[in-house]
1. Going by the structure shown, is Ala125 in contact with an Asp or Glu (Cβ under 8 Å, 6 or more places away or on another chain), small (Gly, Ala, Ser), touching a residue at least 12 places away in the same chain (Cβ under 8 Å) and closer than 14 Å to Asp28 by Cα?
2. Would you please name the residue that is farthest from Gln137 (Cα to Cα), looking only at residues in segment 36-51 that are surrounded by 13 or more Cβ atoms within 10 Å (Cβ to Cβ) and of a type in the set (Gly, Ala, Ser)?
3. Can you find a residue in segment 58-72 that is among the hydroxyl-bearing types (Ser, Thr, Tyr), in a helix (DSSP H, G or I) and modelled with pLDDT of 95 or more?
4. Of all residues in segment 122-152, which are among the β-branched types (Val, Ile, Thr) and at pLDDT below 95?
5. Being without any contact (Cβ under 8 Å) to a residue 40 or more places away in the chain and among the aromatic types (Phe, Trp, Tyr) is true for just one of Tyr88, Tyr32, Tyr43. Which residue is that?
6. When you look at Lys54, is it surrounded by fewer than 16 Cβ atoms within 10 Å (Cβ to Cβ), assigned to a loop (DSSP other than H, G, I, E, B) and modelled with pLDDT of 95 or more, yes or no?
7. Counting just the residues of segment 66-93 that are among the charged types (D, E, K, R) and under 17 Å from Lys158 (Cα atoms), which one comes out nearest to the chain's Cα centre (by Cα)?
8. Condition first: crowded, with 21+ Cβ neighbours inside 10 Å, closer than 15 Å to Gln47 by Cβ and hydrophobic (A, V, I, L, M, F, W, C). Now tell me which residues in segment 133-157 satisfy that.
Amino acid sequence: MSERDGSTGRIPIESFVVSVYVCKKEDDRGRYLLLKRKSKYMYGLWQQVSGKIKKGETGWQAAIREIKEETGLVPESLYSADVVESFYEANQNCVNIIPVFVAFVGGDSKVVLSSEHSEYKWLAAEEAIEHVSFPLQKMAIDLIEKQFVRRNPPEELKINRGFST
């Protein structure tokens, strides 16, 4: 018997996915990259960059890899947003805790979509909030706009790891 089959009377908490809000600053406001899913999982939903953490990767390494794989972009800077998204994963009977990252890219960045997505949009925070489906996505965009775009991002949350190519 395992924790996930309910036999232990608890729900395990897991963290196996990252969430990355790719942003570019224009006129002291953020423009957020949203991607439209075309795979079976969450088909047609608009979302931020996200993906599984591979064995041996840190969360921030997974964030950088997923940005490159899904968009072809390389961020100029990366921050921990200091929040998590969470949800109950019914198929795995666990609560998934997802670290949220903020990636800033240059204004002339060109997106090259992976096969997971059919289209993309750069949207102002208010528009991006209307496009995403889940309350914690909306909260993350609002927080990022207020704390990372309209203010100088907290230096303590910057990930200084020489991740760019």
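1. Yes.
2. Restricting to residues being surrounded by 13 or more Cβ atoms within 10 Å (Cβ to Cβ) and of a type in the set (Gly, Ala, Ser), the top hit is Gly51.
3. In the first step, residues of segment 58-72 are kept if they are among the hydroxyl-bearing types (Ser, Thr, Tyr); the result is 58, 71.
Checking the rest, the ones that are also in a helix (DSSP H, G or I) come to 71.
Imposing the further condition that a residue be modelled with pLDDT of 95 or more reduces the set to 71.
Yes, the conditions are met somewhere in segment 58-72.
4. Passing the criteria: none in range.
5. Tyr43
6. Answer is yes for this residue.
7. Looking at residues that are among the charged types (D, E, K, R) and under 17 Å from Lys158 (Cα atoms), I get Asp82.
8. Result: Ala140, Ile141, Ile144.
The values are calculated or read from the model by the stated rules, or taken from the named source; none is laboratory data. For clarity, every value in this text was computed on a predicted model and none was experimentally measured. Note that each Cβ is placed from the backbone with ideal geometry, even for glycine, and that neighbours are counted across all protein chains shown.
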